[in-house]
1. Ignoring ligands, DNA and RNA, what percent of the accessible area of the chain is carbon or sulfur (1.4 Å)?
2. Whole-Hz Karplus ³J(HN,Hα) for the range 187-197, in order, using 6.51 cos²θ - 1.76 cosθ + 1.60 and θ = phi - 60°, x for Gly and Pro?
3. Starting from the range 67-124, pick out the chymotrypsin sites (Phe, Trp or Tyr not before Pro) whose DSSP state is loop and whose Cβ has at most 12 other Cβ atoms within 10 Å.
4. Compute the acute angle (0 to 90°) between the alpha-carbon long axis of helix 58-72 and the principal axis of greatest extent of the alpha-carbon atoms of the chain; round to the nearest 10°.
5. Which residue, PHE172, PHE136, GLY119, has the largest displacement toward the positive end of the dipole of the chain when charges sit on each Cβ (Lys, Arg +1; Asp, Glu -1)?
6. By average Cβ neighbour count within 10 Å, what is the ranking of 67-74, 20-27 from highest down?
7. Charges only on Cβ, +1 for Lys and Arg, -1 for Asp and Glu: so what's the dipole of the range 44-147 about the Cα centre, in debye to the nearest 20?
8. Please find the FRET efficiency linking LEU73 to GLU200, where r is the Cβ-Cβ separation and R0 is fixed at 35 Å, and quote it to the nearest 0.05.
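The values are calculated or read from the model by the stated rules, or taken from the named source; none is laboratory data. Nothing here was measured: the structure is a model prediction, and the numbers come from that model. Note: ideal-geometry Cβ built from the backbone for every residue, glycine included; neighbour counts use all protein chains shown. For the accessible areas, the whole protein counts, side chains as well, though only heavy atoms, and no ligand, DNA or RNA atoms are used. Shrake-Rupley method; radii C 1.70, N 1.55, O 1.52, S 1.80 Å.
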Amino acid sequence: MAVHRQGRGPDLVLFHGGMGSWKHWVRNVEPLAGRFTVHALDHPSYGASAPVARETTGPAYLDLVHELLVQMLPGRAPLRLAGFSFGGAIAANLARRLGPRVTHLALVSPGGFPSRRFGDRPIRSYKEAGDDERLFREICRHNLLVNMLSDPASVTEDAVDIQADGVRRTRFDSRKVSGGGTLLRDLASLTCRLRLLWGERDDSPFRPADLLIGEIRQVVGTLDVHRIPRAGHWSAYENAAEVNRLLLEFFSS
């Protein structure tokens with residue numbers, strides 16, 4: 001796995017969302033690096049990381065990430081984990097596997113719920129663009145507003161650049177993990193501290209916030225949950241200041 005590493009202090013590992021890379025955390029790495037050694041990963045078959053076989057299953061993918069992370073950070077030193085969306089399912093799975101070595105787990109609008117169809121997302125296919133770069137970026141903007149960001153003003157050229165680069169370098173179907181149904185089972189077995197961040201605007205017919213947050217609360221009991229104002233699914237980008245404040249507070253406790 002490729003890693004963007006910055007800072008000094010206890011180890012903090014960041015896991016990105018689907019069709020993404022470490023740049024899903026581009027507005028968070030530097031503030032967090034003031035107190036922690038931040039390891040912002042590119043998951044296998046994403047960003048600059050090596051590919052996996054296309055037929056790799058969700059469980060096999062989670063096995064691989066676990067193996068690679070232990071190789072990257074061997075020993076018994078405590079770990080803090082943060083996962084966004086697809087990366088939330090990965091982080092929760094690793095927190096269960098690594099047991100007492102993981103002291104804190106922060107989930108930002110995690111995936112990993114059982115696969116269900118709540119409603120059709122009005123997204124556009126990237127294949128529609130062909131070799132037309134202008135149309136490709138237009139589709140990136142459209143899909144960012146459907147899946148990731150709540151305010152058109154948040155769809156900056158930098159956000160489109162991150163999305164475009166992520167789409168082009170995605171070589172694994174994250175739905176094998178995001179829809180794999182591992183999240184609730186993993187959370188039920190946690191021994192570490194847990195904080196859940198969820199954008200106030202990350203709520204739609206195809207992603208009902210109250211239902212999904214309620215399912216997490218049902219398995220963990222008392223839940224440390226924070227709704228991020230003025231933010232959709234990618235709250236770590238859209239309201240980075242508030243997410244950074246809550247992550248620093250949590251991981252420093």
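1. Result for the chain: 50 percent of the exposed heavy-atom area is carbon or sulfur.
2. For the range 187-197, the Karplus curve yields 5, 5, 9, 5, 10, 9, 6, 10, 10, 10, 10 Hz.
3. Hits after loop and neighbour filter: PHE118.
4. The angle comes out near 60 degrees.
5. PHE172
6. For the peptides 67-74, 20-27, the packing ranking is 20-27, 67-74.
7. It works out to roughly 460 debye.
8. 0.55
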